[in-house]
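S.K.: Mind looking over this structure? Questions follow.
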Amino acid sequence: MKYQLTIGNRLYFSWSIAAVMMIEHAGLMELVDIITVYPDHEADVRPRIPHLAPARTLPTLTLPCGTQLGDSMAMAEELASRHPDRNMWPQDPKARAIARYLANEMHSSFGALRSSWPVNLRHSYKGLTAPEDVQAELDRLDLIWTHARQTTGSQTPWLCGEYSIADAIYAPMATRLTTYGFELGPTSQAYVSAHLSDPALRRLRAAGLAKGAVVQDCERDFERAPWSFVPAQIGTATQDGSQTVNTHCPYSGRPVEHFMRLGDHTYGFCNAMCRDKTMYDPEAWPEFMGIYQS
């Protein structure tokens, strides 16, 4: 029996993003059925998930036994304990302690950023200056991210060596800093850039864009700017499927019925969602790239 992860809109729900990232990077996606709920605003969450008691929060992880966990750190610890071979926390004791410390600080702190500057992966804004309380939190982020990298001697783009739960927990914050274009120090900017180029986060964003649902509470009237990471190629939908490179969907293996034009060729998919998520960031999807590069 599989786990069931119920999440909110991938473009806006910060802890849902973190949950998907920790599962993706642990290689557990094949063990998890993901159900996405699309509330129109925060107050709309609980009425939509009455069966996810007692917390009725997003995300919620339902274990194979039926137990429901409604807290991201509880999910992280439970999955890490059930799948020790996936190394969701660093194996080195010092790095593991620091990763846990940082993850829990994110879980309990940074109220100025989290309360007034919502996650929004749909687009970025420009011309914004961080208020004093937000700047203090940006400085704190830079301090703890720098401390983690220096103390653990990380030689990767991530905080404590290889990608861990701590990085998954900070992935939504990285996107938040991108959205509002606040000025960052070199360490913070490099860490944010690592998240933006992470194929797992790119897939999550592409899937969210494909669905198209907008949460107006998370939109702002600031001047917009392009998203900071621009895919090398973007496909376009087409009705012409007369000459497709493939006859079966790269994801499901079912016959193709929806089509995308990329470069000089047309590719087929079993449904519009498979096509559209690929269209927004083709290179993020290994299954599609296997066909594209063949």
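The values are calculated or read from the model by the stated rules, or taken from the named source; none is laboratory data. These numbers come from a predicted model, not from an experiment. Methodologically, a virtual Cβ is constructed for each residue, glycine included, from the backbone with ideal geometry; neighbour enumeration extends over all protein chains shown.
S.K.: Mind telling me which of the residues GLN189, GLN155 ends up being part of a loop (DSSP other than H, G, I, E, B), free of Cβ contacts under 8 Å to residues at least 40 places away in the same chain and farther than 23 Å from SER108 by Cβ?
M.R.: GLN155
S.K.: Kindly check whether there is at least one residue in segment 195-209 that is outside the structural domain of ALA112 (by TED's automatic domain parsing) and at pLDDT below 95.
M.R.: No - not one qualifying residue is present in segment 195-209.
S.K.: Which is among the aromatic types (Phe, Trp, Tyr), in a loop (DSSP other than H, G, I, E, B), modelled with pLDDT of 90 or more and surrounded by 19 or more Cβ atoms within 10 Å (Cβ to Cβ), of TYR12, TYR38? Give the derivation first.
M.R.: On the way: TYR38 fails: surrounded by 19 or more Cβ atoms within 10 Å (Cβ to Cβ).
Result: TYR12 is the single residue among TYR12, TYR38 that is among the aromatic types (Phe, Trp, Tyr), in a loop (DSSP other than H, G, I, E, B), modelled with pLDDT of 90 or more and surrounded by 19 or more Cβ atoms within 10 Å (Cβ to Cβ).
S.K.: Within segment 49-67, which residues are among the β-branched types (Val, Ile, Thr) and assigned to a loop (DSSP other than H, G, I, E, B)?
M.R.: ILE49, THR57, THR67
Condition check ((1) aliphatic (A, V, I, L, M); (2) in contact with a Lys or Arg (Cβ under 9 Å, 6 or more places away or on another chain); (3) assigned by TED's automatic domain parsing to the domain that holds MET75) across all residues:
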{"residue": "LEU159", "(1), (2), (3)": "yes, yes, no"}
{"residue": "SER164", "(1), (2), (3)": "no, yes, no"}
{"residue": "LEU184", "(1), (2), (3)": "yes, no, no"}
{"residue": "LYS211", "(1), (2), (3)": "no, yes, no"}
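S.K.: I would also like to ask the following. Run ARG261 past the list (1) modelled with pLDDT of 95 or more; (2) outside the structural domain of ALA284 (by TED's automatic domain parsing); (3) in contact with a Ser or Thr (Cβ under 6 Å, 6 or more places away or on another chain) and report the number of the one that doesn't hold.
M.R.: Result: ARG261 passes all but (2).
For (1) surrounded by fewer than 16 Cβ atoms within 10 Å (Cβ to Cβ); (2) under 18 Å from ASP281 (Cβ atoms), each residue gets a yes or a no:
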site: LEU141; (1), (2): no, no
site: TYR170; (1), (2): no, no
site: THR179; (1), (2): no, yes
site: VAL214; (1), (2): yes, no
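S.K.: Let me ask another. From (1) part of a helix (DSSP H, G or I); (2) farther than 22 Å from LEU138 by Cα, pick out the condition that doesn't hold for ALA232.
M.R.: (1)
S.K.: In addition: Would you check if there is a residue in segment 68-83 being part of a helix (DSSP H, G or I), in contact (Cβ under 8 Å) with a residue 40 or more places away in the chain and among the polar types (S, T, N, Q)?
M.R.: Yes: one or more hits.
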